[in-house]
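This report concerns only the one structure given below.
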Amino acid sequence: MKIDWGKISIKDLASLVCGKLNEKEIDAVLVGGACVSIYTNNTYVSYDLDFVSHTSLKHIAGALSGLGFRRESTRHFVRKDCPFFIEFVAPPLSIGTEPVKQRKKLKSRFGELVLLTPTDSVKDRLAAFYHWNDTEALEQAVLVAKAQKVSLEEVRRWSEHEGHMKKYEIFIATLKK
Amino acid sequence: MLEGLLGNIVIEKIFFTLLVYGEGYPLGMAKNFGEPVNRFQQQLKRLEDSGIIASRLIGNVRLYTFNPRYPFLKELKALISKAYEFVPENEKNKYYKRRTRPRRAGKPL
């Protein structure tokens with residue numbers, strides 16, 4: 001299949017990366033802003049694909065070279081003609097102090113993509129708002145919560161566990177606007 | 001104290017600095033401990049790559065803190081706090097009791 005790297009969508013690229021890693025028996029989960037892009041159908045645009053994997057970066061680099069991506073710094077991979085930037089953030093796969101237990105699988109013509117569930121994606125963005133006061137991350141959490149079926153009960157439970165109920169209330173108020 | 005566990009005395013110094021002051025930057029740490037700045041830069045990068053600490057740029061200075069999103073932060077801080085209790089008083093006075101309250105710009109020392 002011919003790939004137009006300059007115009008590839010974030011979902012297709014993420015699926016390609018997951019598929020290539022899967023071929024080499026490397027588990028990886030897409031997290032961060034890229035999940036927001038996918039769940040909101042690009043209402044929010046991210047050029048950053050963050051994955052979490054427990055496999056060594058050396059093995060990951062070997063697999064990604066098969067797609068023409070080269071390691072630029074410790075954890076980043078780029079391809080000259082592709083606008084997206086791939087990063088493997090340090091494991092474990094967690095949101096706040098809790099491990100991520102569920103994964104969502106999406107199929108595209110390029111393969112199967114493994115990513116955070118919509119509820120975990122909201123929690124992931126809220127973690128940035130809770131800990132760093134990042135209001136852009138709050139907006140992203142709201143976008144996902146509006147576009148996807150999200151368990152607000154679970155988001156509330158997690159927020160309470162993280163000790164950020166006041167900011168959770170801000171999230172709910174923003175969501176209702 | 002934790003050198004055997006952390007594999008590196010510089011990391012212990014970084015952890016104690018971040019525990020006591022809440023934040024730190026490479027040159028400040030290097031001056032405080034009288035050691036080359038690249039030693040701190042290397043280890044700070046390593047810790048940041050591992051998600052244990054996070055940084056932001058303020059002007060020209062890269063300021064580091066513990067990463068509040070690191071899942072084992074509470075446990076890590078508990079260990080560092082325990083180890084810090086065993087730091088000799090003279091060392092605490094020398095390295096970890098720097099003035100942290102504000103100083104008005106232009107005020108003579």
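The values are calculated or read from the model by the stated rules, or taken from the named source; none is laboratory data. Given the structure is predicted, the values throughout are model-derived calculations rather than measurements. A quick note on method: Cβ atoms are made from the backbone with ideal geometry, for glycine too, and the neighbour counts reach across all protein chains shown.
Table for the structure above
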{"quantity": "Filter pass, A:L143 being within 21 Å of A:L30 (Cβ to Cβ), free of Cβ contacts under 8 Å to residues at least 60 places away in the same chain and part of a helix (DSSP H, G or I)", "calculated": "no"}
{"quantity": "Test: residue in the stretch B:13-24 that is of a type in the set (S, T, Y) and in contact with a helix residue (DSSP H, G or I) (Cβ under 8 Å, 6 or more places away or on another chain)", "calculated": "yes"}
{"quantity": "Pairs, first farther than 14 Å from A:W132 by Cβ in the stretch B:67-80, second of a type outside the set (K, R) and assigned to a helix (DSSP H, G or I), C-beta under 7 Å, six or more apart", "calculated": "B:K77/B:L19; B:I80/B:F15; B:I80/B:F16; B:I80/B:L19"}
{"quantity": "Unmet criterion (only one of (1) hydrophobic (A, V, I, L, M, F, W, C); (2) farther than 30 Å from A:E162 by Cα; (3) in contact with a Ser or Thr (Cβ under 8 Å, 6 or more places away or on another chain); (4) part of a loop (DSSP other than H, G, I, E, B)) for A:V45", "calculated": "(2)"}
{"quantity": "Qualifying residue in the stretch A:101-114 (condition: of a type in the set (D, E), under 30 Å from B:F72 (Cα atoms) and not assigned by TED's automatic domain parsing to the domain that holds A:A147)", "calculated": "no"}
{"quantity": "Tally of residues being within 25 Å of A:L126 (Cβ to Cβ), of a type in the set (S, T, N, Q) and exposed (fewer than 13 other Cβ atoms within 10 Å of the Cβ) across the stretch A:68-104", "calculated": "1"}
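Let's see how each residue does on (1) exposed (fewer than 15 other Cβ atoms within 10 Å of the Cβ); (2) modelled with pLDDT of 95 or more; (3) in contact with an Asp or Glu (Cβ under 6 Å, 6 or more places away or on another chain); (4) closer than 30 Å to A:T97 by Cα:
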| site | (1), (2), (3), (4) |
| --- | --- |
| B:G7 | yes, no, no, yes |
| B:P26 | no, yes, no, yes |
| B:A30 | no, yes, no, no |
| B:N38 | yes, yes, no, no |
| B:L47 | no, yes, no, yes |
| B:F72 | yes, yes, no, yes |
| B:K92 | yes, no, no, no |
| B:A105 | yes, no, no, no |
